[in-house]
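Here's the structure we're looking at; comments come further down.
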Amino acid sequence: MTVAVESPAAPSGGDRGRRPGLIARVKNGYQKHWYAYAMIAPVVVVLAVIVLYPLARGFYLTLTDADSLNSARTIGVNHIDATYQFIGLDNYADILWGPTAYDRFWSHFIWTIVWTASCVVLHYVIGLGLALLLNQKNLRGRTAYRMMLILPWAVPTFVTVFAWRFMLADAGVINTTLAAVGLPDPAWLEDPFFQKLAAILVNTWCGVPFMMVSLLGGLQSIDASLYEAAEMDGANAWQRFRHVTLPGLRSVSSTVVLLGIIWTFNQFAIIFLLFGNTAPDAQILVTWAYRLGFGQQPRDYAQSAAYGVLLLSILIVFTSVYRRWLNRNDVSATI
């Protein structure tokens, strides 16, 4: 005897591809992951208060003519209301294309690019050289050398910069040594060219240890059998470095270079501690924005905030292009 069992009707083509609505997905996700949402809620609130609100407020100020004369303020027991007005994108137009655009923005933008590129290249080259040296197993005293080379990173930045200010002064140890061997002693803290050179020198001293430690970790993660195979194939030291070391450091290098560019592009402490509000030619964009907002009278809050938005936009565009370029190179390398 044969028993026929009726199977459930298959869903129609329209029902098979139908997705729940946005509200239903949010509701289902909350029901499944409510504990995770509860855990991250304090972090979201804190970030919204200390990051998102100031960012939104700063962007709004860029659309006004706010300064220290027309902003809300309290003098004694008297409160003065804000009188600044909405002016749209005039601040951006004045910064980028105004009559003083080159002196106020483009000259500092060019110097910021030169400063960032020079410092990151020096960080990477010197850091890689020191990492290769410390990665040698037959090097005696490697632990002591590592401790000595990481000290510039461990010392607070203001202590390092003030020490360099003393050494770069007219009667400092650097000029005294140069004069003793018959070389000219430049005005490191007064001449515009040597001010820029001094800033690169100090930032290189502060940034090399991070790059060295990161690349040393990358070197130690490379499989030693790759070097042995390359040596058995007759590869010399340069060929092993080019075809084994550099590819093995690709992921670490891409990350530390990106971080180095972002940190150096926004490096406020070294320039400000080294020169303060002086040395206008050596000011990068972030310190120039600070000077507009807090280092002059009247304080131009709107223009300073506009510089901050432009800096953020430049870094977002660069990071997107850089990551796409890396991904494209990774795809090409795997083909």
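Here are some notes:
- Some residue of the stretch 228-245 being open to solvent by 70 Å² or more (accessible area, probe 1.4 Å) and in contact (Cβ under 8 Å) with a residue 24 or more places away in the chain: no
- Cβ pairs under 6 Å, 6+ apart, first in the stretch 289-302 and within 20 Å of ALA269 (Cβ to Cβ), second open to solvent by less than 70 Å² (accessible area, probe 1.4 Å) and not small (Gly, Ala, Ser): ALA289/TYR307; ARG291/ASN277; LEU292/ASP300; LEU292/GLN303; GLY293/TYR301; GLY295/ASN277
- Test: residue in the stretch 305-316 that is assigned to a loop (DSSP other than H, G, I, E, B), more than 17 Å from the chain's Cα centre (by Cα) and at pLDDT 90 or above: no
- The stretch 131-185 - residue that is under 28 Å from the mean Cα position of the chain (by Cα) and of a type in the set (Lys, Arg) and, of those, surrounded by the most Cβ atoms within 10 Å (Cβ to Cβ): ARG165
- Leading residue by the ranking (farthest from VAL309 (Cα to Cα)) among those in the stretch 99-113 that are among the aromatic types (Phe, Trp, Tyr) and open to solvent by less than 20 Å² (accessible area, probe 1.4 Å): TRP111
Residues checked against (1) loosely packed, with under 13 Cβ neighbours inside 10 Å; (2) within 16 Å of TYR301 (Cβ to Cβ); (3) modelled with pLDDT of 90 or more; (4) hydrophobic (A, V, I, L, M, F, W, C):
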| residue | (1), (2), (3), (4) |
| --- | --- |
| ALA48 | yes, no, no, yes |
| VAL51 | yes, no, no, yes |
| THR62 | no, yes, yes, no |
| PHE86 | yes, yes, yes, yes |
| TRP97 | yes, no, yes, yes |
| TRP115 | no, no, yes, yes |
| ILE126 | no, no, yes, yes |
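- Criterion: acidic (Asp, Glu) and assigned to a loop (DSSP other than H, G, I, E, B) - qualifying residue of ASP67, ASP103, ASP94: ASP67
The values are calculated or read from the model by the stated rules, or taken from the named source; none is laboratory data. None of these values were measured; they are calculated from a predicted model. With ideal geometry, Cβ positions are generated from the backbone for all residues, glycine too; neighbour counts draw on all protein chains shown. Please note that ligands, DNA and RNA were not included when accessible areas were found on the heavy atoms of the full protein model with its side chains. Shrake-Rupley method; radii C 1.70, N 1.55, O 1.52, S 1.80 Å.
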